[in-house]
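Since the structure comes first, as structure tokens, the remarks are kept for the end.
The values are calculated or read from the model by the stated rules, or taken from the named source; none is laboratory data. Since the model is a prediction, treat every value here as computed from it, not as a measurement. Methodologically, a virtual Cβ is constructed for each residue, glycine included, from the backbone with ideal geometry; neighbour enumeration extends over all protein chains shown. In case anyone asks, the SASA skips ligands and DNA or RNA and just uses the protein heavy atoms, side chains included. Shrake-Rupley method; radii C 1.70, N 1.55, O 1.52, S 1.80 Å.
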Amino acid sequence: MDDASAVETFLFTDIEGSSRLWEREPARMQVALARHDALARGAVADHRGSIVKMTGDGMCAVFDDPLCAIDAALAFLRGLAALGEDDALELKARCGIHVGGAQRRDNDYFGTTVNRAARIMSAAHGGQVLLSQPVVDLVRGRLPETLSLRDLGLVRLRDLASPEHLYQVLHPALRQDFPALRSLEATPNNLPQQSTSFVGRERELAEARAALVRTRLLTLFGAGGIGKTRLSLQLAAEVLDDYPDGAWFVELAPIADARIVPQAVASALGVKEEGGRSITDTLVAHLADKTALVVLDNCEHLLDACARIAERLLREAPRVKLLASSREPMRIAGEAVYPVPALAVPDAGARAEDAAVAAYASVRLFLERASAVLPTFRITDANAATVAAICRHLDGIPLAIELAAARVRAMPLDMIASRLHDRFHLLTGGSRTALPRQQTLRALIDWSHELLSPAERVLFRRLSVFAGGWTLDAADQVCSGEDVARSQVLDLLASLVDKSLVVADLEVGRYRMLETIREYAAERLRESGEEATLRDRHLDHCLALAETAAPHLYGPEQGAWYSQLDADRDNLRAAHSWCDRAAEGGSKGLRLVNAIKPYWFSRGLLKLGKHATIEALDRPGAQARDPQRCHALFAVGQLCSFLGDYGEAIGYLGESLSIARELGDRLRVAATLQPLGLAAVGRGDFAAGRQYLDEALALAKEIGDLSQIAGAANAVAQVHRMEGSLGEAEPLYAEVIAAGRNLRDPYLVAVGLLNLAMVYVARGAHGGARQALQEVLAIAEETKSMPAGQSALEVASGFAAALGEPERSLRYFAAAEANTDLTGIQRDPTDDAFLRPLIAKAREALDAAAAKAAERAGHDAGYERTLADVRSWLAAPPVR
């Protein structure tokens, strides 16, 4: 952010009736708009302003001096008038000018001042220039004699915030008399004034507006606190011109008796009961010939009554439209629904800088509400990560964010973030004038919970055992039982989706809860006394999933199975944690980490996998020297070796080998000898390493297991390559590739190709290296294998150095190193011995500044973008 406290003057313009002009005369409009844009840019530049952006049929410009903004607006309008005299299509633009503080990010501006300036412009007519009171205060006494101002008084703009005192600029060259401003007062309505600005819903507002055009009943639905009411009010204000008989807001939240709904609607419209007929009949008769919009707010607890009156109005008042907000749809004929999403939040892995996080709607809302209670509050590089974490932890729920932002006056940001694990106690103290259920986060969800049926409540709390989402089959297996039959789960789950307590992603067939709602449901589960039973079921389900996936993680179907484990990663971690308390948790924990060990490696989660496996090994009930412990020791030893912790690796692998020999498990002995040999080589003990690896290869061939033969052959070839014996290494790598293709194991193929590519680079066989790397990149893309992709970056950096492209070499190397910092995957000594001399050669070919710039570019580009760059580079024909 360049200067969050800077005071700027904003000029907004747009063309009145531009949509009609495009429909009627598109060719002339295209020419006229090009001339319009040139005039706009020239007028702004001539008066010391800057164009922020062109908006299709208008502009936003910024000035240091409000008088310059007024002069620019006058020059612009006079230029448009002259175009009309030249037989061009006549364009009439309206202008609004406002001054105040704004946030600048990436050559754009955000904040209340900018929004207010746009609203002032939208109140004007074509050819009219409107100024706010702050602008007038700054130019009073400085206006030339040709300019004067007309006081238009307080005007309610369509942002629903406080009225704005507006003035019209008068000039001999401008039209002076206009109809009443396009304000809220211009059309009958009872839309309530809002004390806060409308933030971060530009896309949703446009989509809902388009949906309202296509239907006569639009229901905005979503979870409590998601911002349905605020969106419906703003939408009603935006479309007010379409309803000459008004837009009428009916607040249903305080009503407990469904019989009062017709009276509430009638009261909002000022319709009084007539003798001899019901209030519903009177209301329908009143609206029968009207063109009006009726906004039914908070319908969820009165759905049947709202549905009945909506059906009558749709049937008997043909020019009336209904806009409803609810936590579930009415489900009547003619209804269209628009799910209101949470505000966008920064990704966990996104750069936490002020300019980066401030682009997210949730952060913008936090900033506006926090600065309202603490005017000195700003988002800076120092606190951006904390603000991002708060918004992310609160799922982008506007009410939760507003409650958290209100705490900045009394608590440091870090303390707010740290206490969000107890968010239902922290996030209290909303508006005193709001309903009690809207003053705290807990009360808001309590309200939704109270509206559930007994069976829905049972399923709702049981679903909280899932972390990160679930499938219908998982819900059937884990959550059915006493009080909820398996045959009921689908209908109950669909009902929870309708009530906005569960989010459905139908494209992938999964369901989830917002984390805030899940924590509430988890509290209910603990109170029910059935938490242990449900978590045991969840553990058994996750264990079955992991053990079903395990045999497929090495073969042709590995991509699909890894994606399945990606979707359930949080569930697997939750199941692992529950093993600390579960019956038979020791043995089940070992089975779980053993099944998913390849997953940790493939996804670059080595440290997480190591930590989880050590926890599993240390649990009571996991100490027996049996196959499960043997396998887990092998797994953690191999992960340690990949992390470069060779001493730890030898300790764990040595114990695993001892147990395997005790059990007479020759296949496990052969498997364990491979990483044990490479770890010994990593520590510099070549004699021990070669002894382990020779035994591994001989035993694998004796057993006849092709996978173990390939693994042992690859390990022996690594030692040959490290010793410079490329002729002995190359055929062994070819055996590995052939075995991988035979086993239809893409990762094994990638390993062999990567090693063979390094042999080709060392021999100067550049065509072979290029082809091998291209195939590895295709495998990494298909399987999403982080180790394959990272190794491909490393080998590509060495290949680029060998080809005499030092800048490219250092870029790729820096991107790989940055990814190593994230994943912990270390190069083995053989690969490091290949790469280091080539990187040194690349650095020597550049001066220090150029080398540093290349490495910085690679680091900033990141893993995915650099992989795409490598693909393009390898696909291009080599320069001769």
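Output the number of residues of the range 382-407 satisfying the condition of being open to solvent by 10 Å² or more (accessible area, probe 1.4 Å) and under 17 Å from the mean Cα position of the chain (by Cα).
7
So, of the residues in the range 292-308 that are of a type in the set (Asp, Glu) and in contact with a strand residue (DSSP E or B) (Cβ under 7 Å, 6 or more places away or on another chain), which turns out to be surrounded by the most Cβ atoms within 10 Å (Cβ to Cβ)?
Going through the qualifying residues, I end up with Glu300.
Consider Gln774 carefully, then state whether it is touching a helix residue (DSSP H, G or I) at 6+ places or on another chain (Cβ under 7 Å), within 26 Å of Arg683 (Cβ to Cβ) and open to solvent by 20 Å² or more (accessible area, probe 1.4 Å).
Judged against the criteria, Gln774 is not a match.
State all residues of the range 148-183 that are over 30 Å from Thr196 (Cβ atoms), in a strand (DSSP E or B) and of a type in the set (S, T, N, Q); if no residue qualifies, say none.
Ser148
Residues to consider are Arg535, Arg526, Arg512; find the one that is open to solvent by 60 Å² or more (accessible area, probe 1.4 Å), farther than 17 Å from Leu493 by Cβ, modelled with pLDDT of 85 or more and of a type outside the set (Ser, Thr, Tyr).
Only one candidate qualifies: Arg526.
Run down Ala687, Ala715 and say which single residue is open to solvent by 50 Å² or more (accessible area, probe 1.4 Å) and either under 30 Å from Arg661 (Cα atoms) or free of Cβ contacts under 8 Å to residues at least 12 places away in the same chain (or both).
One residue alone meets the criteria, Ala687.
For the range 652-670, check the following and say yes or no: at least one residue is within 18 Å of Val751 (Cβ to Cβ), assigned to a helix (DSSP H, G or I) and modelled with pLDDT of 90 or more.
yes
Find the residue count for the range 784-826, including only residues that are open to solvent by 40 Å² or more (accessible area, probe 1.4 Å) and touching a Leu at 6+ places or on another chain (Cβ under 8 Å).
2
Just give me the residues in the range 788-813 being more than 12 Å from Trp873 (Cβ to Cβ) and not in a helix (DSSP H, G or I), in sequence order.
Of everything in the range 788-813, just one residue is more than 12 Å from Trp873 (Cβ to Cβ) and not in a helix (DSSP H, G or I), namely Gly804.
Where residues in the range 495-509 are closer than 16 Å to Asp473 by Cβ and loosely packed, with under 15 Cβ neighbours inside 10 Å, which of them is modelled with the highest pLDDT?
Here the residue is Gly509.
Consider Glu775 carefully, then state whether it is under 18 Å from Gly862 (Cβ atoms) and among the acidic types (Asp, Glu).
Taking the combined requirement at face value, the residue does not satisfy it.
Which one of these is among the acidic types (Asp, Glu), over 19 Å from Gly334 (Cβ atoms) and in contact (Cβ under 8 Å) with a residue 60 or more places away in the chain: Glu251, Glu204, Glu274?
From the options Glu251, Glu204, Glu274, the qualifying one is Glu204.
When the range 839-860 is examined, which residues are found to be open to solvent by 30 Å² or more (accessible area, probe 1.4 Å) and either in contact with a Gly (Cβ under 8 Å, 6 or more places away or on another chain) or among the aliphatic types (A, V, I, L, M) (or both)?
Result: Ala840, Ala845, Leu846, Ala848, Ala849, Ala850, Ala853, Ala857.
What's the total number of residues in the range 360-415 that are polar (S, T, N, Q) and in contact with a Phe, Trp or Tyr (Cβ under 8 Å, 6 or more places away or on another chain)?
So the count comes out to 1.
Take Arg315 and decide whether it is modelled with pLDDT of 85 or more and closer than 28 Å to Val239 by Cα.
When the stated conditions are applied, Arg315 passes them.
Of the residues that sit in the range 671-707 and are under 17 Å from Gln638 (Cα atoms) and among the β-branched types (Val, Ile, Thr), which one is modelled with the lowest pLDDT?
Val681
Considering the range 599-610 alone, what residues qualify as being assigned to a helix (DSSP H, G or I) and either within 17 Å of Asn571 (Cα to Cα) or of a type in the set (Phe, Trp, Tyr) (or both)?
Tyr599, Trp600, Phe601, Leu608, Gly609
Do any residues in the range 637-661 that are among the small types (Gly, Ala, Ser) have Cβ atoms under 7 Å from those of residues that are surrounded by fewer than 19 Cβ atoms within 10 Å (Cβ to Cβ), where the two are at least six apart or on different chains, and which pairs are they?
Short answer, once both residue conditions are applied: Gly644/Gln826; Gly647/Arg683.
Inspect all residues belonging to the range 131-146 and state whether any of them is out of contact with any Pro (no Cβ under 7 Å at 6 or more places or on another chain), in contact (Cβ under 8 Å) with a residue 12 or more places away in the chain and crowded, with 21+ Cβ neighbours inside 10 Å.
yes
So how many residues does the range 309-329 have that are in contact (Cβ under 8 Å) with a residue 12 or more places away in the chain, surrounded by fewer than 22 Cβ atoms within 10 Å (Cβ to Cβ) and part of a helix (DSSP H, G or I)?
4
Of all residues in the range 741-771, which are surrounded by fewer than 20 Cβ atoms within 10 Å (Cβ to Cβ) and under 19 Å from Leu553 (Cβ atoms)?
Arg741, Asn742, Leu743, Arg744
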